[in-house]
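All remarks here apply to the structure that follows.
The values are calculated or read from the model by the stated rules, or taken from the named source; none is laboratory data. Just so it is clear, the structure is predicted and the values come from calculations on it, not from any experiment. All Cβ positions, even for glycine, are placed from backbone atoms using ideal geometry, and neighbour counts span all protein chains on display.
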Amino acid sequence: MCAREVASKFRSNDNGVQNTLRVYCSEEAYSSIEKAVGVVGIGRNNLVRIPCDAHLRIQPKELKRQIEQDIAQRYVPCCVVAALGTTGTLAIDPLEAVAKICKRFGVWLHVDAAYAGISLLLPEYRYMAKGIEEVDSFVTNPHKWMFTNFDCSLYFVKNPDILTRICEVLPEYLKTKTRGFVNDYRDWGIPLGRRFRALKLWFVIRSYGIRGLQNTIRKHINLTRYFADEIIKGNRFELLGDPVLNLCCFGLKPNESWSQEYMNERNAALLYRVNQSGKLYLSHTKIRDKYALRMVIGQTYVEKKHVRKALDELLMHADHVVSNESGA
């Protein structure tokens with residue numbers, strides 16, 4: 001909404017949304033962006049997905065080319081959404097390069113760091129946010145990897161005056177003598193009423209402390225590396241890319257006689273068996289048309305023994321799927 005109003009010179013709220021605004025993101029960006037452009041009236045057909053490189057990151061050169069092409073065709077570049085950790089593989093878009101493009105063309109830059117943004121608590125991962133000083137807005141979700149009960153999202157905006165300008169509606173019955181002396185948070189978002197989400201986050205921060213949060217997140221990352229090292233021992237599995245933070249994408253080791261389509265079917269059968277067992281739950285994605293299982297280690301109290309049990313379960317079900325190729 002902020003990007004839309006800036007691009008339309010603050011006319012969309014009053015006159016409706018012009019059908020020339022464009023939003024850009026990578027091919028791997030989260031589906032919520034597609035939903036958002038529909039909700040705010042920009043329209044899904046005006047969402048442009050930019051090709052990714054071999055590491056599934058947005059290609060800045062392609063982004064620049066697309067923006068220049070749209071301007072030539074009299075579209076209005078509205079917003080670029082850079083992913084600091086895509087949903088499928090936790091790919092990190094090159095934020096600094098994207099920020100330079102946005103600054104050159106005067107386009108709002110939003111960073112979707114919904115999951116991986118929590119890792120910026122660790123000094124050794126802050127390189128991922130190089131260029132963040134040029135970002136207009138940024139979101140991350142403590143309910144995903146900061147041990148806070150659902151729902152709790154953090155939205156940062158560089159210029160809060162833009163946010164309050166587009167959200168403020170002031171009928172007589174909402175006027176108070178404190179106006180101008182305190183932040184009226186009803187003007188900082190869509191709903192008039194607000195749940196006290198900050199309180200549960202405050203309790204988590206007070207309980208763990210910064211060091212406690214950092215130590216727990218590091219433990220999850222180390223356990224993921226352990227999982228990645230162990231899962232490829234033997235002849236059952238292969239990694240489908242290096243593990244990123246606390247995510248590991250993997251699948252059954254290819255059989256020379258299997259087509260890619262059949263390989264995908266076997267991995268889907270394995271996922272079904274694992275999830276039906278009730279012992280652990282995995283999700284999946286596709287990486288360059290390869291069906292990939294996704295192990296995410298981020299539960300608050302997870303220990304190495306739990307990861308070991310998960311490995312044993314995976315090996316057991318993999319043996320069944322490979323030896324019984326005719327069915328799940």
So, in segment 79-92, how many residues would count as being assigned to a loop (DSSP other than H, G, I, E, B), in contact with a helix residue (DSSP H, G or I) (Cβ under 9 Å, 6 or more places away or on another chain) and either free of Cβ contacts under 8 Å to residues at least 12 places away in the same chain or at negative phi (or both)? 2
Restricting segment 189-209 to residues that are under 18 Å from TYR301 (Cβ atoms) and in contact (Cβ under 8 Å) with a residue 24 or more places away in the chain, the residue that is surrounded by the fewest Cβ atoms within 10 Å (Cβ to Cβ): LYS200
What residue, of ALA3, ALA29, ALA7, is in contact with a His (Cβ under 9 Å, 6 or more places away or on another chain) and crowded, with 20+ Cβ neighbours inside 10 Å? ALA3
Just the residues that are in contact (Cβ under 8 Å) with a residue 40 or more places away in the chain and not small (Gly, Ala, Ser), please, taken from segment 105-139. VAL107, TRP108, HIS110, ASP112, ILE118, LEU121, LEU122, TYR125, MET128, VAL135, ASP136
Inspect all residues belonging to segment 155-167 and state whether any of them is surrounded by 15 or more Cβ atoms within 10 Å (Cβ to Cβ) and assigned to a strand (DSSP E or B). yes
For the condition within 27 Å of the chain's Cα centre (by Cα), modelled with pLDDT of 90 or more and not in a helix (DSSP H, G or I), what is the one hit in LEU293, LEU314, LEU271? LEU293
Identify the single condition in (1) at positive phi; (2) surrounded by fewer than 20 Cβ atoms within 10 Å (Cβ to Cβ) that GLU238 does not satisfy, given that it satisfies every other one. (1)
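Yes/no per residue for (1) within 25 Å of ASP289 (Cβ to Cβ); (2) among the aliphatic types (A, V, I, L, M):
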| residue | (1), (2) |
| --- | --- |
| LYS9 | no, no |
| SER26 | yes, no |
| SER31 | yes, no |
| VAL39 | no, yes |
| CYS52 | yes, no |
| ARG57 | yes, no |
| CYS78 | no, no |
From the option list LYS61, LYS100, single residue qualifying as within 21 Å of VAL157 (Cβ to Cβ) and out of contact with any Lys or Arg (no Cβ under 8 Å at 6 or more places or on another chain) is LYS100
Taking the condition out of contact with any Phe, Trp or Tyr (no Cβ under 8 Å at 6 or more places or on another chain) and either in a loop (DSSP other than H, G, I, E, B) or closer than 23 Å to CYS2 by Cα (or both), does LYS100 pass? yes
Considering only segment 31-56, how many residues are charged (D, E, K, R), at pLDDT below 95 and within 16 Å of the chain's Cα centre (by Cα)? 2
